[in-house]
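Before any comments, here is the structure.
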Amino acid sequence: MELDEITEICSQIVELLEEKKFSKAKTLLEQLNPADIALIFDEIEPKDVPKLYRILNKDIAAMTFSYMDPTKQQELIVAFSDKELRETINEMYLDDTVDVIEEMPANVVDRILRNIDPQTRKTLNELLNYPEDSAGSIMTTEYVSLKKEMTVEQAFAHIRSDGVNKETVYTCYVTDNRKLIGLVTVKDLLLSKYEDIIEDIMETNVIYVDTHEDQEVVANMFNKYDFLALPVVDKEERLVGIVTVDDAMDVMQEETEEDIEAMNAILPSDKPYIRTGVFETWKKRIPWLLLLMISATFTGKIIQGFESALESCVILTSFIPMLMGTGGNAGSQASVTIIRSLSMDEIDFGDTFKVLWKEFRVAFLCAFTLGVIGFFKAWLIDGANPTEALVVTITLSLSVVVAKLIGCLLPIIIKKIGLDPAVVVSPFITTIIDAVALLIYFNIAALILPGL
């Protein structure tokens, strides 16, 4: 739903609430998807939030609550009676409840845990104890489990009785003493005879992950295999939960946002921009800015070292921004491509020489094209003589080649030593290549231009 549509509905809802036409407001809201209803809650005044929430049906209200911004969730929890809190939590899936608990302050968490039954509390505590950003931390324990000796008819009966409150029933997992031994889909069951045995129709080559597997790896598996759900097992290969595709998509978005922030020299934040304070935003940005400012000192030192050469041939100075910018852009192109390929497991350290050979050929073609155009630009447009234009051309060509080789090699090395290339490489790649481009420039100029 578009923002202008949400704004229009919000104004209608507020008007209906003021006129105490709750039935009409409820009808209007329940025509929408819970995710869109949650956006409306973000737009209305805090005083209207509990009132609006209470007019929704319990199941729609709980789904809407799971989509809400953590600030709105906290406002509602504070306004809830214990009964309302229990009803909301009981209607939510366990993984969504875990997400809510992880965002709440300690006093709110205590109140939530006090108002759920002991078995649910135990399960939530187990999920909360898994390492952050692991498969265990994003999985749900609400899945359908079948026995290998069941018939298809018995399986359908079990799904009808046990699947009501499960997050997904399309994929059912076959266990033996809790150990994962196979899976069967509802499609398999529908296309089989009632008397067929589950063991005879189940898929035994099951792809699964350990509870401690990194969530980014889990998300990439969904992308690779087009899963709707992925089983999660413990060290004894006992099925303990599943990760569903909606949670995998959330992880993909979260990881992408973190990489984008890291690649732009910003410490990742888990809050939306509008809800992040000025001081907190400053803290996220200033460390990298300081570090990059200090690292840029090397560039300044190189220019100072060739100050006399610049004084004797002033026109060389005018080409420095172009050379540094082109080299930096060439290196960034290569590094971003390789970082993406590494994150998608398309390449690894063993492919280093293949990557270098490919990027060298690409760099040669780019360098040749840019060099020819750069020569005529420097000579005919910028006023350099042919010898000076030749210096610019050679520097530009070599800078592009070196930049692309550094840009593709550095992420692979960083990944090999166990660091995140997006965090380490991107903020420094331009600074490194700027320094290299200047060194190439001034040394080429010293070799070609007489008396420099």
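The values are calculated or read from the model by the stated rules, or taken from the named source; none is laboratory data. Note that the coordinates shown come from a computational prediction; the quantities given were computed from them, not determined experimentally. Note that we place each Cβ from the backbone using ideal geometry, even for glycine, and neighbour counts take in every protein chain shown. For accessibility, only protein heavy atoms count, side chains too; no ligands or nucleic acids. Shrake-Rupley method; radii C 1.70, N 1.55, O 1.52, S 1.80 Å.
Of the residues 129, 158, 145, the one whose Cα sits farthest towards the positive end of the charge dipole of the stretch 118-208 is 129 (charges of +1 on Lys and Arg Cβ, -1 on Asp and Glu Cβ, taken about the Cα centre). Listed by chain and number, the lysines whose C-alpha is less than 19 Å from the C-alpha of residue 148, apart from same-chain residues fewer than 8 away, are 179, 187, 193. Per-residue ellipticity at 222 nm computed for the chain from its helices equals -20500 deg cm²/dmol, with DSSP H segments shorter than 4 residues left out and the rest contributing -39,500 (n - 2.57). With all projection directions averaged, the alpha carbon convex hull of the stretch 11-151 covers 10.9 nm². Accessible surface comparison of 399, 161, probe 1.4 Å, protein chains only, largest first: the order is 161, 399. With every protein chain left in place, what is the accessible area of residue 214 in Å² (1.4 Å probe, nearest 10)? Using a 1.4 Å probe on the heavy atoms, I get roughly 60 Å².
Surface composition of the stretch 370-452: carbon and sulfur make up 75 percent of the accessible area, probe 1.4 Å.
Other residues lying with their Cβ under 15 Å from the Cβ of residue 149 contribute a combined charge of -3, Lys and Arg counting +1, Asp and Glu -1.
For residue 51, the lysines whose Cα falls under 16 Å of its own Cα, not counting residues fewer than eight places away in the same chain, are 20, 21, 24, 26, 72, 83.
Looking at the stretch 172-207, the trypsin sites (Lys or Arg not before Pro) that sit in a DSSP loop and have at most 14 other Cβ atoms within 10 Å of their own Cβ are 178, 193. With loop membership from DSSP and a limit of 15 other Cβ atoms within 10 Å, the longest segment of the chain without chymotrypsin sites (Phe, Trp or Tyr not before Pro) is 274-452. Within the assembled protein chains, the solvent-accessible surface assigned to residue 370 is about 70 Å², based on a 1.4 Å probe.
Note on the chain: with charges restricted to the Cβ of Lys and Arg (+1) and Asp and Glu (-1), its dipole about the Cα centre is near 1200 debye.
Taking other residues whose beta carbon is less than 12 angstrom from the beta carbon of residue 389, and scoring Lys, Arg as +1 and Asp, Glu as -1, yields -1. Both numbers refer to the Cα atoms of the chain; Rg and Dmax are 29.8, 95 Å. The residues neighbouring residue 410, those whose beta-carbon lies less than 14 Å from its own, together hold a net charge of +1 under the Lys/Arg +1, Asp/Glu -1 convention.
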